[in-house]
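Have a look at the structure below, then the notes.
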Amino acid sequence: MLHAPEASCTRTAARASSPAPLPFSLPPVLLMAQTYFATTQPGLENALLAELRQLKIKKPQVLTGGVEFQATYATLYEANLTLRSATRVWLRLDEFRARDTSELYRKCRRFDWERLLGPDLTLTIQAHSQQSRMVHTGTISEVTAQAIREHFTDDLKRPAPDFGDQEAAQRIMVRIEGDRCQLSLDASGPRLQQRGWRTESGPAPLRENIAAGLLLLCDWTPDQPLLDPMCGSATILIEAALLATKTAPNLARNFAFERWQNFEPPKLRGLRANLKSTQKPDAAPSLLGFDRDPHVLEAAAANARRAGVNAHLHLTPAPLSELQAPDTPPGLILTNPPYGERLASGDALPTLLERWQNELPRWSVAFIWPRERAAEVQKLATDRLQRVATIFNGGISVDLWRGAPLR
Ligand SMILES: C[S@@+](CC[C@H](N)C(=O)[O-])C[C@H]1O[C@@H](n2cnc3c(N)ncnc32)[C@H](O)[C@@H]1O
(Lines give C-alpha, C1' and ligand atoms only; values in the text may rest on other atoms or scores of the structure.)
Protein backbone atom coordinates (compact mmCIF):
# COMPACT_ATOMS: atom_id res chain seq x y z
CA MET A 1 0.00 0.00 0.00
CA LEU A 2 1.31 3.41 -0.94
CA HIS A 3 1.83 6.29 1.40
CA ALA A 4 -0.74 9.02 1.42
CA PRO A 5 0.21 12.57 0.45
CA GLU A 6 1.55 14.49 3.49
CA ALA A 7 1.54 11.37 5.64
CA SER A 8 2.84 7.88 6.00
CA CYS A 9 0.11 5.42 5.22
CA THR A 10 -1.32 3.05 7.76
CA ARG A 11 -4.76 1.81 6.87
CA THR A 12 -6.61 1.63 10.18
CA ALA A 13 -10.30 1.41 9.35
CA ALA A 14 -12.57 0.80 6.42
CA ARG A 15 -16.25 1.56 6.57
CA ALA A 16 -18.64 2.44 3.79
CA SER A 17 -21.31 5.10 4.12
CA SER A 18 -24.60 5.18 2.25
CA PRO A 19 -24.41 6.62 -1.29
CA ALA A 20 -25.06 10.33 -1.67
CA PRO A 21 -28.25 11.21 -3.55
CA LEU A 22 -27.28 12.83 -6.86
CA PRO A 23 -29.13 15.84 -8.23
CA PHE A 24 -30.35 14.87 -11.75
CA SER A 25 -29.30 18.18 -13.30
CA LEU A 26 -25.53 17.73 -12.86
CA PRO A 27 -23.33 17.54 -15.96
CA PRO A 28 -21.98 13.98 -16.50
CA VAL A 29 -18.41 14.83 -15.47
CA LEU A 30 -19.63 15.77 -12.01
CA LEU A 31 -21.46 12.47 -11.57
CA MET A 32 -18.40 10.23 -11.93
CA ALA A 33 -17.00 8.95 -8.63
CA GLN A 34 -13.29 9.50 -8.09
CA THR A 35 -10.97 8.65 -5.23
CA TYR A 36 -9.76 11.51 -3.04
CA PHE A 37 -7.56 11.89 0.00
CA ALA A 38 -8.38 14.63 2.51
CA THR A 39 -5.38 15.43 4.69
CA THR A 40 -5.22 16.69 8.25
CA GLN A 41 -2.70 16.70 11.07
CA PRO A 42 -2.05 13.16 12.37
CA GLY A 43 -4.35 12.75 15.39
CA LEU A 44 -7.32 14.56 13.84
CA GLU A 45 -8.32 11.80 11.42
CA ASN A 46 -11.44 10.85 13.38
CA ALA A 47 -12.68 14.44 13.41
CA LEU A 48 -12.23 14.55 9.64
CA LEU A 49 -13.92 11.17 9.23
CA ALA A 50 -16.96 12.47 11.13
CA GLU A 51 -17.11 15.50 8.83
CA LEU A 52 -16.86 13.37 5.69
CA ARG A 53 -19.65 11.13 6.95
CA GLN A 54 -21.82 14.25 7.16
CA LEU A 55 -21.22 14.71 3.43
CA LYS A 56 -22.43 11.13 2.89
CA ILE A 57 -19.28 10.17 1.00
CA LYS A 58 -18.60 6.59 -0.04
CA LYS A 59 -15.99 4.22 1.41
CA PRO A 60 -14.09 6.49 3.83
CA GLN A 61 -10.86 4.89 4.95
CA VAL A 62 -8.78 6.38 7.72
CA LEU A 63 -5.05 6.53 6.95
CA THR A 64 -2.40 8.25 9.03
CA GLY A 65 -2.80 11.95 8.33
CA GLY A 66 -6.12 11.82 6.53
CA VAL A 67 -9.09 9.98 5.10
CA GLU A 68 -9.36 8.46 1.64
CA PHE A 69 -12.83 8.46 0.13
CA GLN A 70 -14.81 8.18 -3.07
CA ALA A 71 -17.07 10.93 -4.28
CA THR A 72 -18.25 12.81 -7.32
CA TYR A 73 -16.62 16.07 -8.38
CA ALA A 74 -19.67 17.88 -7.00
CA THR A 75 -18.90 16.44 -3.55
CA LEU A 76 -15.27 17.42 -3.98
CA TYR A 77 -16.39 21.04 -4.35
CA GLU A 78 -18.59 20.73 -1.28
CA ALA A 79 -15.80 19.08 0.74
CA ASN A 80 -13.45 21.98 0.01
CA LEU A 81 -16.09 24.53 0.98
CA THR A 82 -17.21 22.83 4.17
CA LEU A 83 -14.47 20.70 5.77
CA ARG A 84 -13.29 22.34 8.98
CA SER A 85 -10.56 19.94 10.12
CA ALA A 86 -8.92 19.22 6.73
CA THR A 87 -5.76 20.84 5.38
CA ARG A 88 -6.19 19.80 1.73
CA VAL A 89 -8.08 17.46 -0.55
CA TRP A 90 -6.11 15.51 -3.17
CA LEU A 91 -7.51 13.77 -6.23
CA ARG A 92 -5.92 10.35 -6.77
CA LEU A 93 -4.88 10.34 -10.44
CA ASP A 94 -3.15 7.04 -11.06
CA GLU A 95 -1.30 4.21 -9.40
CA PHE A 96 1.18 1.93 -11.15
CA ARG A 97 4.36 -0.08 -10.82
CA ALA A 98 7.55 1.98 -11.24
CA ARG A 99 10.81 0.22 -10.42
CA ASP A 100 13.09 2.83 -11.95
CA THR A 101 13.05 6.27 -13.53
CA SER A 102 12.47 5.02 -17.08
CA GLU A 103 9.34 3.13 -16.00
CA LEU A 104 8.23 6.20 -14.02
CA TYR A 105 8.80 8.40 -17.09
CA ARG A 106 6.91 6.10 -19.43
CA LYS A 107 3.89 5.74 -17.18
CA CYS A 108 3.74 9.42 -16.28
CA ARG A 109 3.92 10.32 -19.96
CA ARG A 110 1.03 8.04 -20.91
CA PHE A 111 -1.36 9.61 -18.35
CA ASP A 112 -3.95 11.92 -19.93
CA TRP A 113 -2.97 15.08 -18.02
CA GLU A 114 -4.87 17.28 -20.48
CA ARG A 115 -8.15 16.03 -18.99
CA LEU A 116 -7.45 18.29 -16.00
CA LEU A 117 -4.50 20.54 -16.70
CA GLY A 118 -4.30 23.29 -19.30
CA PRO A 119 -1.24 25.06 -20.70
CA ASP A 120 -2.05 28.21 -18.72
CA LEU A 121 -1.15 26.52 -15.42
CA THR A 122 2.10 26.47 -13.49
CA LEU A 123 2.74 23.05 -11.97
CA THR A 124 4.89 22.10 -9.03
CA ILE A 125 5.81 18.54 -8.17
CA GLN A 126 6.26 17.17 -4.67
CA ALA A 127 7.99 13.81 -4.56
CA HIS A 128 8.28 11.26 -1.76
CA SER A 129 10.17 8.03 -1.88
CA GLN A 130 10.40 5.13 0.51
CA GLN A 131 12.00 1.72 0.09
CA SER A 132 12.59 2.41 -3.60
CA ARG A 133 15.66 2.33 -5.81
CA MET A 134 14.63 5.88 -6.75
CA VAL A 135 15.93 7.62 -3.64
CA HIS A 136 16.43 11.16 -4.97
CA THR A 137 13.17 13.06 -4.79
CA GLY A 138 14.66 15.81 -6.98
CA THR A 139 15.22 13.27 -9.77
CA ILE A 140 11.69 11.87 -9.36
CA SER A 141 10.28 15.40 -9.73
CA GLU A 142 12.42 16.16 -12.78
CA VAL A 143 11.51 12.90 -14.51
CA THR A 144 7.80 13.46 -13.84
CA ALA A 145 7.97 17.05 -15.09
CA GLN A 146 9.76 15.95 -18.25
CA ALA A 147 7.16 13.23 -18.87
CA ILE A 148 4.28 15.70 -18.46
CA ARG A 149 5.98 18.30 -20.67
CA GLU A 150 6.66 15.78 -23.44
CA HIS A 151 3.15 14.34 -23.15
CA PHE A 152 1.86 17.80 -24.13
CA THR A 153 4.50 18.90 -26.62
CA ASP A 154 5.39 15.61 -28.37
CA ASP A 155 2.29 13.42 -27.98
CA LEU A 156 -0.44 16.07 -28.20
CA LYS A 157 1.53 18.72 -30.14
CA ARG A 158 0.25 21.36 -27.73
CA PRO A 159 1.90 23.92 -25.46
CA ALA A 160 2.81 22.39 -22.09
CA PRO A 161 2.14 23.93 -18.67
CA ASP A 162 5.05 25.70 -16.97
CA PHE A 163 6.81 24.38 -13.90
CA GLY A 164 7.70 26.49 -10.87
CA ASP A 165 7.31 26.45 -7.13
CA GLN A 166 5.29 29.60 -6.52
CA GLU A 167 2.45 29.55 -3.97
CA ALA A 168 -0.21 29.61 -6.68
CA ALA A 169 1.24 26.64 -8.59
CA GLN A 170 -0.89 23.55 -9.07
CA ARG A 171 0.61 20.81 -6.87
CA ILE A 172 1.17 17.26 -8.13
CA MET A 173 2.25 14.62 -5.62
CA VAL A 174 4.40 11.67 -6.74
CA ARG A 175 4.63 9.14 -3.95
CA ILE A 176 6.81 6.10 -4.45
CA GLU A 177 6.86 3.22 -2.02
CA GLY A 178 8.77 0.14 -2.97
CA ASP A 179 7.98 -0.46 -6.65
CA ARG A 180 4.57 1.28 -6.54
CA CYS A 181 3.95 4.87 -7.58
CA GLN A 182 0.89 6.96 -6.82
CA LEU A 183 0.06 10.27 -8.52
CA SER A 184 -2.25 12.78 -6.82
CA LEU A 185 -3.37 16.30 -7.72
CA ASP A 186 -4.09 18.98 -5.10
CA ALA A 187 -7.70 20.13 -5.43
CA SER A 188 -7.52 22.78 -2.69
CA GLY A 189 -4.59 25.09 -3.44
CA PRO A 190 -3.47 27.06 -0.38
CA ARG A 191 -4.14 24.98 2.74
CA LEU A 192 -7.77 24.88 3.78
CA GLN A 193 -7.03 26.32 7.23
CA GLN A 194 -6.18 29.58 5.47
CA ARG A 195 -9.74 30.79 5.76
CA GLY A 196 -8.86 34.44 5.17
CA TRP A 197 -10.03 35.98 8.45
CA ARG A 198 -6.96 35.49 10.64
CA THR A 199 -4.65 38.32 9.68
CA GLU A 200 -3.71 39.16 13.29
CA SER A 201 -2.63 36.83 16.07
CA GLY A 202 -0.70 36.48 19.31
CA PRO A 203 2.70 34.77 19.41
CA ALA A 204 1.49 31.13 19.29
CA PRO A 205 -1.82 30.84 17.45
CA LEU A 206 -3.48 27.50 16.90
CA ARG A 207 -4.13 26.50 13.29
CA GLU A 208 -7.76 27.05 12.40
CA ASN A 209 -8.35 23.45 11.33
CA ILE A 210 -6.79 22.15 14.55
CA ALA A 211 -9.09 24.41 16.60
CA ALA A 212 -12.07 23.04 14.65
CA GLY A 213 -10.75 19.48 15.06
CA LEU A 214 -10.47 19.92 18.84
CA LEU A 215 -14.09 21.07 19.01
CA LEU A 216 -15.16 18.02 17.00
CA LEU A 217 -13.06 15.60 19.08
CA CYS A 218 -14.58 17.10 22.25
CA ASP A 219 -18.09 16.54 20.80
CA TRP A 220 -18.83 20.23 21.41
CA THR A 221 -22.29 21.28 20.26
CA PRO A 222 -23.43 24.91 20.00
CA ASP A 223 -25.97 24.50 22.80
CA GLN A 224 -23.08 24.12 25.27
CA PRO A 225 -21.40 27.29 26.59
CA LEU A 226 -17.75 27.32 25.55
CA LEU A 227 -15.06 29.08 27.56
CA ASP A 228 -11.44 29.61 26.53
CA PRO A 229 -9.60 31.20 29.49
CA MET A 230 -6.37 31.75 27.48
CA CYS A 231 -7.97 32.48 24.13
CA GLY A 232 -5.20 34.53 22.48
CA SER A 233 -6.45 35.48 19.01
CA ALA A 234 -9.63 33.46 19.68
CA THR A 235 -9.14 30.78 17.05
CA ILE A 236 -11.09 28.18 19.04
CA LEU A 237 -13.98 30.57 19.72
CA ILE A 238 -14.18 31.83 16.12
CA GLU A 239 -14.23 28.27 14.76
CA ALA A 240 -16.96 27.48 17.31
CA ALA A 241 -18.96 30.50 16.15
CA LEU A 242 -18.64 29.37 12.52
CA LEU A 243 -19.90 25.93 13.55
CA ALA A 244 -22.77 27.39 15.58
CA THR A 245 -23.90 29.66 12.75
CA LYS A 246 -23.51 26.82 10.22
CA THR A 247 -21.07 28.96 8.25
CA ALA A 248 -19.01 26.91 5.80
CA PRO A 249 -15.40 27.78 6.75
CA ASN A 250 -14.11 28.15 3.20
CA LEU A 251 -17.04 29.88 1.58
CA ALA A 252 -15.08 33.01 0.71
CA ARG A 253 -11.97 31.51 -0.85
CA ASN A 254 -10.90 29.99 -4.15
CA PHE A 255 -9.60 26.49 -4.84
CA ALA A 256 -7.10 24.86 -7.18
CA PHE A 257 -9.84 22.75 -8.84
CA GLU A 258 -11.31 26.00 -10.23
CA ARG A 259 -8.45 26.00 -12.75
CA TRP A 260 -8.97 22.42 -13.91
CA GLN A 261 -10.22 21.81 -17.44
CA ASN A 262 -13.37 20.05 -16.21
CA PHE A 263 -14.34 22.75 -13.68
CA GLU A 264 -18.08 23.51 -13.67
CA PRO A 265 -18.47 27.12 -12.37
CA PRO A 266 -22.29 26.99 -12.12
CA LYS A 267 -22.09 24.01 -9.78
CA LEU A 268 -19.68 25.79 -7.42
CA ARG A 269 -21.78 28.97 -7.57
CA GLY A 270 -24.88 26.93 -6.73
CA LEU A 271 -23.17 25.24 -3.78
CA ARG A 272 -21.90 28.57 -2.42
CA ALA A 273 -25.38 30.10 -2.70
CA ASN A 274 -26.98 27.08 -1.06
CA LEU A 275 -24.50 27.09 1.82
CA LYS A 276 -25.08 30.84 2.32
CA SER A 277 -28.82 30.36 2.41
CA THR A 278 -28.59 27.68 5.11
CA GLN A 279 -26.43 29.77 7.48
CA LYS A 280 -27.89 30.53 10.89
CA PRO A 281 -26.60 34.02 11.73
CA ASP A 282 -29.18 34.31 14.52
CA ALA A 283 -27.72 31.39 16.49
CA ALA A 284 -26.91 32.51 20.02
CA PRO A 285 -24.07 30.36 21.33
CA SER A 286 -22.33 31.36 24.61
CA LEU A 287 -18.71 31.83 23.56
CA LEU A 288 -16.55 33.33 26.30
CA GLY A 289 -12.91 34.29 25.86
CA PHE A 290 -10.43 35.57 28.42
CA ASP A 291 -6.76 36.44 28.17
CA ARG A 292 -4.44 38.41 30.41
CA ASP A 293 -3.11 40.29 27.38
CA PRO A 294 -5.57 43.02 26.26
CA HIS A 295 -3.67 43.57 22.99
CA VAL A 296 -4.17 40.00 21.85
CA LEU A 297 -7.89 40.40 22.56
CA GLU A 298 -7.96 43.38 20.17
CA ALA A 299 -6.52 41.08 17.50
CA ALA A 300 -9.12 38.46 18.47
CA ALA A 301 -11.96 40.96 18.04
CA ALA A 302 -10.61 42.08 14.65
CA ASN A 303 -10.37 38.45 13.49
CA ALA A 304 -13.91 37.76 14.67
CA ARG A 305 -15.14 40.82 12.74
CA ARG A 306 -13.46 39.60 9.56
CA ALA A 307 -15.00 36.15 10.09
CA GLY A 308 -18.40 37.83 10.54
CA VAL A 309 -18.94 36.38 14.01
CA ASN A 310 -17.90 39.20 16.38
CA ALA A 311 -21.44 39.53 17.73
CA HIS A 312 -21.16 35.97 19.05
CA LEU A 313 -17.94 36.36 21.09
CA HIS A 314 -17.61 37.83 24.58
CA LEU A 315 -13.97 38.72 25.17
CA THR A 316 -12.70 39.98 28.54
CA PRO A 317 -9.15 40.78 29.61
CA ALA A 318 -8.48 38.81 32.81
CA PRO A 319 -5.79 36.54 34.22
CA LEU A 320 -6.52 32.86 34.67
CA SER A 321 -6.02 33.18 38.42
CA GLU A 322 -9.21 35.28 38.57
CA LEU A 323 -11.38 32.97 36.46
CA GLN A 324 -14.81 32.45 38.00
CA ALA A 325 -17.90 30.55 36.90
CA PRO A 326 -19.72 32.71 34.35
CA ASP A 327 -23.40 33.48 34.48
CA THR A 328 -24.31 30.66 32.06
CA PRO A 329 -25.17 26.98 32.47
CA PRO A 330 -22.05 24.79 32.71
CA GLY A 331 -20.40 23.84 29.42
CA LEU A 332 -16.93 23.11 28.08
CA ILE A 333 -13.65 24.82 28.97
CA LEU A 334 -11.39 24.27 25.95
CA THR A 335 -8.01 25.93 25.76
CA ASN A 336 -4.54 25.90 24.29
CA PRO A 337 -2.34 27.03 27.20
CA PRO A 338 1.18 28.31 26.61
CA TYR A 339 3.42 25.27 26.93
CA GLY A 340 6.87 26.64 26.58
CA GLU A 341 7.51 26.23 22.85
CA ARG A 342 6.88 29.79 21.72
CA LEU A 343 5.39 31.13 24.99
CA ALA A 344 6.63 30.41 28.52
CA SER A 345 4.21 28.05 30.24
CA GLY A 346 4.58 29.62 33.71
CA ASP A 347 1.97 28.16 36.03
CA ALA A 348 -0.80 28.06 33.39
CA LEU A 349 -1.48 24.30 33.73
CA PRO A 350 -1.71 24.07 37.55
CA THR A 351 -3.77 27.28 37.67
CA LEU A 352 -6.15 26.00 34.97
CA LEU A 353 -6.75 22.74 36.84
CA GLU A 354 -7.08 24.51 40.19
CA ARG A 355 -9.72 26.90 38.74
CA TRP A 356 -11.61 24.00 37.15
CA GLN A 357 -11.65 22.00 40.36
CA ASN A 358 -12.49 24.88 42.70
CA GLU A 359 -14.48 27.40 40.64
CA LEU A 360 -16.01 25.56 37.66
CA PRO A 361 -16.39 21.92 38.79
CA ARG A 362 -19.68 21.51 36.90
CA TRP A 363 -17.90 22.23 33.60
CA SER A 364 -15.97 19.77 31.41
CA VAL A 365 -12.39 20.72 30.69
CA ALA A 366 -10.16 19.99 27.70
CA PHE A 367 -6.72 21.27 26.73
CA ILE A 368 -3.65 20.30 24.73
CA TRP A 369 -0.26 19.71 26.35
CA PRO A 370 3.04 18.35 24.96
CA ARG A 371 3.18 14.57 24.90
CA GLU A 372 6.69 14.57 26.33
CA ARG A 373 5.40 16.47 29.37
CA ALA A 374 2.37 14.24 30.00
CA ALA A 375 3.77 13.43 33.48
CA GLU A 376 2.95 17.00 34.56
CA VAL A 377 -0.73 16.48 33.74
CA GLN A 378 -0.82 13.05 35.36
CA LYS A 379 0.77 14.41 38.52
CA LEU A 380 -1.83 17.17 38.82
CA ALA A 381 -5.01 15.24 37.96
CA THR A 382 -4.26 11.59 37.25
CA ASP A 383 -7.69 10.11 37.71
CA ARG A 384 -9.77 13.01 36.44
CA LEU A 385 -8.44 13.47 32.91
CA GLN A 386 -8.32 11.20 29.90
CA ARG A 387 -6.07 11.43 26.88
CA VAL A 388 -8.44 11.70 23.91
CA ALA A 389 -5.96 12.02 21.04
CA THR A 390 -2.34 12.82 20.24
CA ILE A 391 -2.07 15.50 17.59
CA PHE A 392 0.92 16.72 15.63
CA ASN A 393 0.76 20.48 16.22
CA GLY A 394 3.37 22.89 14.88
CA GLY A 395 6.20 20.37 14.91
CA ILE A 396 5.49 18.70 18.26
CA SER A 397 3.13 15.99 19.47
CA VAL A 398 0.49 17.24 21.89
CA ASP A 399 -2.10 15.26 23.80
CA LEU A 400 -5.70 16.39 23.96
CA TRP A 401 -6.74 15.86 27.59
CA ARG A 402 -10.35 15.89 28.62
CA GLY A 403 -12.06 15.79 32.01
CA ALA A 404 -15.78 15.28 32.73
CA PRO A 405 -17.55 17.59 35.20
CA LEU A 406 -16.44 16.86 38.75
CA ARG A 407 -19.94 17.15 40.19
C1 LIG B 1 -0.80 29.53 23.14
S2 LIG B 1 -1.58 31.06 23.31
C3 LIG B 1 -3.23 30.76 22.82
C4 LIG B 1 -3.36 30.86 21.35
C5 LIG B 1 -4.78 30.80 20.85
N6 LIG B 1 -5.34 29.48 20.93
C7 LIG B 1 -4.83 31.30 19.41
O8 LIG B 1 -5.15 30.55 18.50
O9 LIG B 1 -4.46 32.46 19.21
C10 LIG B 1 -1.75 31.20 25.03
C11 LIG B 1 -2.44 32.47 25.50
O12 LIG B 1 -2.55 32.38 26.91
C13 LIG B 1 -2.42 33.66 27.45
N14 LIG B 1 -2.03 33.46 28.88
C15 LIG B 1 -0.89 32.90 29.35
N16 LIG B 1 -0.92 32.85 30.69
C17 LIG B 1 -2.10 33.38 31.06
C18 LIG B 1 -2.71 33.61 32.33
N19 LIG B 1 -2.10 33.28 33.45
N20 LIG B 1 -3.93 34.18 32.35
C21 LIG B 1 -4.59 34.51 31.19
N22 LIG B 1 -4.04 34.34 29.97
C23 LIG B 1 -2.82 33.77 29.91
C24 LIG B 1 -1.37 34.33 26.60
O25 LIG B 1 -1.51 35.76 26.67
C26 LIG B 1 -1.68 33.75 25.22
O27 LIG B 1 -2.52 34.64 24.50
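Of PRO285, LEU323, PHE255, which is farthest towards the positive pole of the chain's charge dipole, taken about the Cα centre with +1 and -1 on the beta-carbons of Lys, Arg and Asp, Glu respectively?
PHE255
Tell me, what % of the accessible area of segment 278-407 is carbon and sulfur with a 1.4 angstrom probe?
Values: 3110 of 6680 Å².
The C+S portion of the solvent-accessible surface of segment 278-407 is 47 percent.
Post the alpha-carbon centroid distance, segment 340-391 to segment 225-291, in whole angstrom.
Their Cα centres are 29 Å away from one another.
In whole percent, and with a 1.4 Å probe on the protein chains, what portion of the accessible area of segment 13-186 is carbon and sulfur? Let's see the in-between values first.
Working: 3560 of 7320 Å².
Using a 1.4 Å probe with all protein chains present, segment 13-186 comes out at 49 percent carbon and sulfur.
How far is the Cα center of segment 166-198 from the Cα center of segment 56-86, in Å?
Rounded to whole Å, the Cα centres lie 14 Å apart.
Relative to the longest principal axis of the C-alpha atoms of the chain, give the angle of the C-alpha long axis of helix 294-307, reported between 0 and 90° and rounded to the nearest 10°.
Roughly 50 degrees between the two axes.
If you take all C-alpha pairs in segment 13-186, what percent of them are over 19 Å apart?
For segment 13-186, the fraction of Cα-Cα distances above 19 Å is 60 percent.
Have a look at ALA98, MET173, GLY43 and report the one farthest towards the positive end of the charge dipole of segment 13-186, computed about the Cα centre with Cβ charges (Lys/Arg +1, Asp/Glu -1).
In segment 13-186, that residue is GLY43.
Taking the alpha-carbon distance from LYS280 and a cut-off under 19 Å, which aspartates and glutamates remain once sequence neighbours fewer than 8 residues away in the same chain are dropped?
Once the sequence-local aspartates and glutamates are set aside, what remains near LYS280 is GLU51, GLU78, ASP223, GLU239.
To the nearest 10 Å², what's ARG110's accessible area with a 1.4 Å probe?
About 150 Å², ignoring ligands and nucleic acids.
What whole number of Å gives the distance from the Cα centroid of segment 294-317 to the Cα centroid of segment 392-407?
The distance from the Cα centre of segment 392-407 to that of segment 294-317 comes to 24 Å.
Let me check against my output: what whole-number percent is the relative contact order of the chain, with C-alpha pairs under 8 Å and at least 6 apart? Don't skip to the answer; put the middle values down first.
On the way: 850 pairs, mean separation 58.8, N = 407.
Reported relative contact order: 14 percent.
State the Kirkwood hydrodynamic radius of the chain in Å, one decimal place, computed from all pairs of distinct Cα atoms. Before the final figure, lay out the partial values.
Working: mean 1/r = 0.0440 Å⁻¹.
One over the average 1/r among Cα pairs gives 22.7 Å for the chain.
Rolling a 1.4 angstrom probe over the protein heavy atoms, how many square angstrom per residue are accessible across segment 13-186?
Numbers: 7320 Å² over 174 residues.
Result: 42 Å² of accessible area for each residue.
State to the nearest 20 debye the size of the charge dipole of the chain about its Cα centre, where the only charges are +1 on K and R beta carbons and -1 on D and E beta carbons. Don't jump to the answer; show the numbers that get you there.
Details: 48 positive and 44 negative charges, 216 e Å.
Value, rounded to 20: 1040 debye.
Which residue, TYR73, MET134, PHE111, has the largest displacement toward the positive end of the dipole of segment 13-186 when charges sit on each Cβ (Lys, Arg +1; Asp, Glu -1)?
Positive-most Cα among the choices belongs to TYR73.
Placing unit charges on C-beta atoms (Lys and Arg positive, Asp and Glu negative, everything else neutral), compute the dipole magnitude of segment 45-113 about its Cα centre in debye, rounded to 20.
For this selection, approximately 160 debye.
Considering the Cα positions of segment 235-369, please state its Rg to one decimal place and its Dmax as a whole number of Å.
18.7, 60
Let me cross-check TYR105: its accessible surface, 1.4 Å probe, with only protein heavy atoms counted, in Å² to the nearest 10?
Its accessible surface works out to 50 Å², give or take rounding.
Hey, what number do you get for the chain at 222 nm if only DSSP H runs of n ≥ 4 count, each worth -39500 (n - 2.57), divided across all residues, to the nearest 500?
On the way: 11 runs with 114 residues, N = 407.
It comes out at -8500 deg cm²/dmol, rounded to the nearest 500.
Treating only the Cβ atoms of Lys and Arg (+1) and Asp and Glu (-1) as charged, compute the dipole magnitude of segment 13-186 about its Cα centre; round to the nearest 20 debye.
In debye, rounded to 20, segment 13-186 gives about 580.
Using the heavy atoms of the protein chains and a 1.4 angstrom probe, tell me the accessible area per residue for segment 299-388 in square angstrom.
Working: 4530 Å² over 90 residues.
Accessible surface, normalised per residue, equals 50 Å².
The values are calculated or read from the model by the stated rules, or taken from the named source; none is laboratory data. Model, not experiment: these values are computed from the prediction. Positions of Cβ are generated from backbone atoms using ideal geometry, with glycine treated the same way; all protein chains shown enter the neighbour counts. Just so you know, the surface numbers come from the protein's heavy atoms only, side chains and all, with ligands and any DNA or RNA stripped out. Shrake-Rupley method; radii C 1.70, N 1.55, O 1.52, S 1.80 Å.
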